[in-house]
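The next block holds one structure in the form of structure tokens; read it before the comments.
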Amino acid sequence: MKNLIKKLSVFLLAIIAMLSLVACGEKETPSSNENSTVTSSVETSVSSNQNSTVTSSVEDSVEKNSSTPTSSTAAFTPSTLVPYVHNFTQPETNYEEATTETTVFLVGDSTVCNYTETKEKAAYYYMRNGYGMRLGEYLNDKVTINNLALSGRSSKSFLKEANYTTLKNSIKAGDFLIIGFGHNDEKTEEARYTNPNGGVTEPTSLKYHLYEYYIKIALDAGATPILCTPIVRRVSSGTYSGNSIHQTAGNATYPGGDYTKAIIDLGAEKNVQVIDLTTITKNMLTGLSSDQSASIYAWKKEANITSVDNTHINAYGAQIVARLLCEELIKTECPLKNYVKKEFAVPSSSVLVGVGFDS
């Protein structure tokens with residue numbers, strides 16, 4: 001009898017062991033399914049955030065990839081940038097449009113000159129435009145534009161260029177010459193520097209170069225010279241002073257000074273019309289946010305705020321500056337005012353459509 005009870009006990013223990021194993025196996029299944037669910041969620045998160053790295057839980061991953069930059073100083077793409085819109089109104093046009101043909105010559109630097117689109121697109125996201133490229137949009141069909149301005153030149157270094165020879169050989173009675181130097185006259189190097197402090201008889205001065213080599217060339221030919229002060233260099237803070245408005249410190253060899261004032265004073269001394277683009281662009285840009293001012297300047301290859309070129313305007317900016325120039329021109333007695341179209345086109349950032357904002 002004792003042997004029978006012992007055998008039954010062994011048998012029952014075996015059955016209990018088997019049941020325990022089955023129970024454990026049933027508990028494994030939900031655990032396996034939970035891992036499957038987590039893996040699926042992580043894959044979904046990664047799929048919707050290809051550039052993110054999952055480092056902890058699914059909730060952490062979603063939280064880390066749901067944030068977006070909100071600061072105006074953060075890197076941005078053009079699609080998030082609202083372009084500056086100038087409050088233009090139709091100006092008074094109490095003048096008769098001229099009907100005789102004329103040529104408007106322009107000399108100056110990179111803020112005035114033409115640019116080749118194929119070359120610019122290789123280096124710029126929003127290509128540079130000198131305001132001379134857009135001036136013709138505001139002048140009537142009797143005007144031929146001959147933009148001889150060249151990037152990187154000063155009133156001194158331009159004299160060595162073939163374009164200067166073209167100017168001397170081509171300008172004639174009834175034509176106009178817009179002179180837009182200043183940016184590179186500030187460079188503290190022998191090849192380009194001119195002194196903003198010297199008088200019109202001092203051979204190293206800005207006044208001497210502008211008068212002897214440009215104003216006199218125009219006057220001797222019977223043409224009308226027009227001096228333009230340089231546009232400002234963009235400042236992201238919206239506060240303009242010092243170098244941004246062409247008031248330089250210089251050094252012992254190349255003294256600094258106020259280049260805008262030198263040009264204005266020369267105009268007064270020689271009775272030559274001056275369009276003060278320094279003040280005009282300063283007034284326009286003062287107080288603007290970094291994003292707003294960036295919308296009218298050229299952008300280099302990268303499409304973010306660090307790419308903005310603070311010296312050169314883009315096509316939209318060039319339209320704005322060209323219109324502001326013409327609005328100022330029609331307030332004067334300069335005969336070029338009669339070639340300004342009476343219906344002023346409104347600049348539009350749509351000229352930048354294709355790679356950026358497209359209002």
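The values are calculated or read from the model by the stated rules, or taken from the named source; none is laboratory data. All values derive from a computational prediction rather than experimental measurement. All Cβ positions, even for glycine, are placed from backbone atoms using ideal geometry, and neighbour counts span all protein chains on display.
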The correct count of residues that are part of a loop (DSSP other than H, G, I, E, B) and under 30 Å from Ser170 (Cβ atoms) in the stretch 226-239 is 3
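Just a yes or no: is a residue in the stretch 300-313 more than 21 Å from Pro83 (Cα to Cα) and charged (D, E, K, R)? Full working, then the answer.
Kept after step one, since they are more than 21 Å from Pro83 (Cα to Cα), are these residues of the stretch 300-313: none.
The answer is no, given that none of the residues of the stretch 300-313 is more than 21 Å from Pro83 (Cα to Cα) and charged (D, E, K, R).
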Conditions (1) modelled with pLDDT of 95 or more; (2) surrounded by fewer than 20 Cβ atoms within 10 Å (Cβ to Cβ) -> Arg323 fails only (2)
Those residues of the stretch 193-225 which are in a loop (DSSP other than H, G, I, E, B) and free of Cβ contacts under 8 Å to residues at least 40 places away in the same chain amount to Gly198, Gly199, Thr201, Glu202, Pro203, Thr204
Item to complete: Return yes or no: is Ile264 among the β-branched types (Val, Ile, Thr), in contact with a strand residue (DSSP E or B) (Cβ under 6 Å, 6 or more places away or on another chain) and surrounded by fewer than 20 Cβ atoms within 10 Å (Cβ to Cβ)?
Response: yes
Note on the stretch 79-136: residues at pLDDT 85 or above, part of a loop (DSSP other than H, G, I, E, B) and of a type in the set (A, V, I, L, M) are Val85, Ala98, Val112, Met127
Flagged in the stretch 338-359 as at pLDDT 90 or above, surrounded by fewer than 19 Cβ atoms within 10 Å (Cβ to Cβ) and in a helix (DSSP H, G or I), in numbering order, are Asn338
Expected single match for in the same structural domain as Val85 (by TED's automatic domain parsing), on the phi > 0 side of the Ramachandran plot and out of contact with any Cys (no Cβ under 8 Å at 6 or more places or on another chain) among Gly267, Gly287 is Gly287
By residue number, the members of the stretch 260-305 that are of a type in the set (S, T, N, Q) and not in a loop (DSSP other than H, G, I, E, B) are Thr260, Gln273, Thr278, Thr279, Thr281, Asn283, Ser290, Gln292, Ser293
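Yes/no per residue for (1) of a type in the set (Val, Ile, Thr); (2) in contact with a His (Cβ under 9 Å, 6 or more places away or on another chain); (3) touching a residue at least 60 places away in the same chain (Cβ under 8 Å):
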{"site": "Pro83", "(1), (2), (3)": "no, no, yes"}
{"site": "Glu96", "(1), (2), (3)": "no, no, yes"}
{"site": "Thr100", "(1), (2), (3)": "yes, no, yes"}
{"site": "Thr103", "(1), (2), (3)": "yes, no, yes"}
{"site": "Val107", "(1), (2), (3)": "yes, no, yes"}
{"site": "Val112", "(1), (2), (3)": "yes, no, yes"}
{"site": "Glu137", "(1), (2), (3)": "no, no, yes"}
{"site": "Asn140", "(1), (2), (3)": "no, no, yes"}
{"site": "Thr144", "(1), (2), (3)": "yes, no, no"}
Reported set for the stretch 172-182 where residues are out of contact with any strand residue (DSSP E or B) (no Cβ under 6 Å at 6 or more places or on another chain) and surrounded by 24 or more Cβ atoms within 10 Å (Cβ to Cβ) is Gly182
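Given the structure, is Asp185 within 25 Å of the chain's Cα centre (by Cα), within 23 Å of Glu269 (Cα to Cα) and modelled with pLDDT of 95 or more?
Working: within 25 Å of the chain's Cα centre (by Cα): yes; within 23 Å of Glu269 (Cα to Cα): yes; modelled with pLDDT of 95 or more: yes.
Criteria met by Asp185.
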Expected single match for surrounded by fewer than 22 Cβ atoms within 10 Å (Cβ to Cβ) and under 25 Å from Lys301 (Cβ atoms) among Pro91, Pro83 is Pro83
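So that you can scan it fast, the table gives a plain yes or no per residue for (1) over 25 Å from Ala318 (Cβ atoms); (2) surrounded by 14 or more Cβ atoms within 10 Å (Cβ to Cβ):
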{"site": "Glu161", "(1), (2)": "no, yes"}
{"site": "Ala191", "(1), (2)": "yes, no"}
{"site": "Pro203", "(1), (2)": "yes, no"}
{"site": "Tyr213", "(1), (2)": "yes, yes"}
{"site": "Thr229", "(1), (2)": "no, yes"}
{"site": "Val235", "(1), (2)": "no, yes"}
Note on Asp185: of the conditions (1) of a type in the set (Asp, Glu); (2) buried (at least 18 other Cβ atoms within 10 Å of the Cβ); (3) not in a loop (DSSP other than H, G, I, E, B), unmet is (3)
